[in-house]
Amino acid sequence: MKLSKSSLFKKKILLCVCAGISAYKSIILLRLLIKSGAEVKVILSPDAHRFVSPLVLSVLSKNKVFSSFTNSENEWNNHVEYGIWADLIVVAPATANTISNIAIGASNNLLLSTILSSTCPVFIAPAMDHDMYLNKITQENIKKLKKNSFLFIDVESGELASGLIGKGRLSEPETIVTKLETFLSNMLPLSGVNCLVTAGPTFEKIDPVRFIGNFSSGKMGCCIANELIMQGATVELILGPSTESVNENINLNRVVSAQEMLDISLEKFEKQDIIIFSAAVSDYKPKIIHHKKIKKKSDDLNLSLNKTEDILKTLGRRKKNQILFGFALETNNEIESAKRKLEDKNLDAIILNSLNDKGAGFGFDTNKISIIDSNFNIKKYPLMSKVELSKIIVKQATNMFFKRFDIKNKSVK
Ligand SMILES: Cc1cc2nc3c(=O)[nH]c(=O)nc-3n(C[C@H](O)[C@H](O)[C@H](O)COP(=O)(O)O)c2cc1C
């Protein structure tokens, strides 16, 4: 498995810097976070500007850096909004003073108020003199914070700014980043996993105003793409003409025709770990596309159609280790047709939805599906919302993926 992206990719990280001698390391930490693809904002404790340049932090983070409740225009630097914005807060370096203030629930500066009002995970990386660190009160504060779900990045031993040798050095920025990444990837099981989803119909042009298409809304595939992103995956969505909106972190590739969907699928396919092909691709396209509108005549219009290339079959032939799921929409002989499709297209599972079921299929917010795997095990589900079903489909695909790559201790909720 290629873990292509850091689990910090596109995460919103609030870096809180305290007034300690190792605050200079926060610049390196910030650089590493940005390099990992995180969006970073920085808050300083009131005295931290004496240890590290707010200008440097602001330039590197491409965001304003604040340390007090109001800015120079006397506007409020809203600590509640910072807390809501952040996916994760990291306090590095965390002074003994700030640690004890967090432990008593103090909120008398912007940094403390933000931490007190936040609901996301908060990592604390202490840095201080050896005796300050080992002082019973500091240790009790740390214990109390750990009990209250604060996460600690342990200090390192070595030479301290005081000239003494002992415990209390700020953990190296690389170590901090690795710990954050590990935490996030455990929190989001599909972090670093590449997924491709296709959704919606395709439209095959007859002339500039007419096309051959189908009634697919793209809802099911968009729900699947959204669910994959929620589980931390990197998601490419190839979406035919559809009015559905999707999570902003999805890499959206808009297409119209089957040929465009094929071209982008082939371009993206090799990099993917999980592919869920839910698009309702047109099986036929007009042999000739008229570049001017065909005039309405008194007699019938006969169209000559060519078959479009079977995208799923083409991808199935190229499949190496990827997990490949397809959809089947059948009206008769459903299970047998779906099984044939599963084998013919070299799929790992096929999701059958039937037009015979009320509330299932094109356009509805609900669907009724059966999942058939390559051993022909069939799981049938009742009529459910497409959002709920996307969770079931993603869970089945990712569990197969974890099993294939022998990835232990990971599962999708
Ligand atoms: C030169 C210098 C270095 C300091 N280094 C540290 C340190 O590494 N860790 C620490 O806990 N306090 C250190 N302090 C003390 C803090 O700056 C002081 O407790 C301050 O009130 C902390 O404010 P803050 O927690 O709001 O950032 C240092 C003070 C000075 C003058």
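Structure shown: which of 11/386; 268/292; 307/395 lie over 29 Å apart, alpha-carbon to alpha-carbon?
Over 29 Å Cα-Cα: 268/292; 307/395.
In the Gaussian network model of the chain, springs joining C-alpha atoms below 10 Å, which of 383, 134, 303 carries the largest mean-square fluctuation?
303
So how exposed is residue 132, as accessible area in Å² (1.4 Å probe, rounded to 10)?
It works out to around 100 Å².
Go from 0 up to the bin containing the longest alpha carbon distance in the chain, width 10 Å each, and give me the % of pairs per bin.
Pair shares across the bins are 4, 19, 23, 17, 15, 12, 6, 2, 1, 0.
Mind listing which trypsin sites (Lys or Arg not before Pro) in segment 266-300 are in a DSSP loop and have 16 or fewer other Cβ atoms within 10 Å?
Answer in residue order: 271, 287, 292, 293, 295, 296, 297.
Run the simple label-point estimate for residue 321 and residue 182 please: 7 Å along Cα→C-beta, distance reported in nm.
With each label point 7 Å from Cα toward Cβ, the separation is 2.3 nm.
At 0.36 nm per residue, minus the direct Cα-Cα distance, what do residue 21 and residue 131 gain on full extension? Give it in nm, one decimal, please.
Roughly 38.0 nm would be gained on extension.
Between residue 207 and residue 313, with labels modelled 7 Å along Cα→Cβ, what's the label distance in nm to one decimal, could you check?
The modelled label-to-label distance comes out at 3.2 nm.
I'd like the distance separating the alpha-carbon centroids of segment 125-198 and segment 369-404, in whole Å.
38
Label segment 12-187 by shape, choosing from rounded, prolate and oblate, from the square roots a ≥ b ≥ c of the eigenvalues of the Cα gyration tensor; if a/c is under 1.5 it is rounded, and otherwise prolate applies when a/b is larger than b/c, oblate when it is not.
Details: a/c = 1.33, a/b = 1.28, b/c = 1.04.
Rounded.
Too long at a 22 Å Cα-Cα cut-off: which of 10/144; 319/379; 12/179; 313/380; 62/179?
10/144; 319/379; 313/380; 62/179
For the chain, set up a GNM with springs between Cα atoms under 10 Å and report which of 53, 36, 26 has the largest fluctuation.
Fluctuation is largest for 53.
Express in nm, to one decimal, how much length is gained between residue 266 and residue 336 on full extension, taking 0.36 nm for each residue of separation and deducting their alpha carbon distance.
Details: separation 70, 0.36 × 70 = 25.20 nm, distance 2.85 nm.
Gain on stretching residue 266 to residue 336: 22.3 nm.
Could you work out the relative contact order of the chain, using alpha carbon pairs under 8 angstrom and six or more residues apart, expressed as a whole percent?
It comes to 11 percent, rounded to a whole number.
Solvent-accessible area per residue for the chain at a 1.4 Å probe radius, Å²?
Numbers: 20720 Å² over 413 residues.
Roughly 50 Å² per residue, with all protein chains present.
Report, for segment 12-187, the % of DSSP beta bridges that are antiparallel, rounded to 5. The partial results should precede the final answer.
Numbers: 5 of 22 bridges.
Of the beta bridges lying entirely in segment 12-187, close to 25 percent run antiparallel.
Mind checking which of 241, 382, 121 has the largest fluctuation in a GNM of the chain, springs on alpha carbons under 10 Å?
Its mean-square fluctuation being the largest, the pick is 382.
State, as an integer percentage, the relative contact order of segment 118-232 based on alpha-carbon contacts under 8 Å between residues 6 or more apart.
It comes to 21 percent, rounded to a whole number.
Using a Förster radius of 56 Å, what is the FRET efficiency between residue 406 and residue 72 based on their Cβ-Cβ separation? Nearest 0.05, please.
0.50
Compute, for residue 284, the solvent-accessible surface of its heavy atoms (probe 1.4 Å) with the complete set of protein chains present, and express it in square angstrom to the nearest 10.
Approximately 110 Å² for this residue.
Among DSSP beta bridges whose residues both lie in segment 253-408, state the antiparallel percentage, nearest 5.
55
Counting only DSSP beta bridges with both residues in the chain, what percent are antiparallel, rounded to the nearest 5? Display every interim value, and only then the final one.
Numbers: 21 of 63 bridges.
Given both bridge residues lie in the chain, the antiparallel proportion sits at roughly 35 percent.
The values are calculated or read from the model by the stated rules, or taken from the named source; none is laboratory data. As the structure is a prediction and not an experimental result, all values here were calculated from the model. Every residue, glycine as well, gets a Cβ built from its backbone with ideal geometry; the counts of neighbours run over all protein chains shown. Quick note on the areas: whole protein, heavy atoms, side chains included, nothing else; ligands and nucleic acids left out. Shrake-Rupley method; radii C 1.70, N 1.55, O 1.52, S 1.80 Å.
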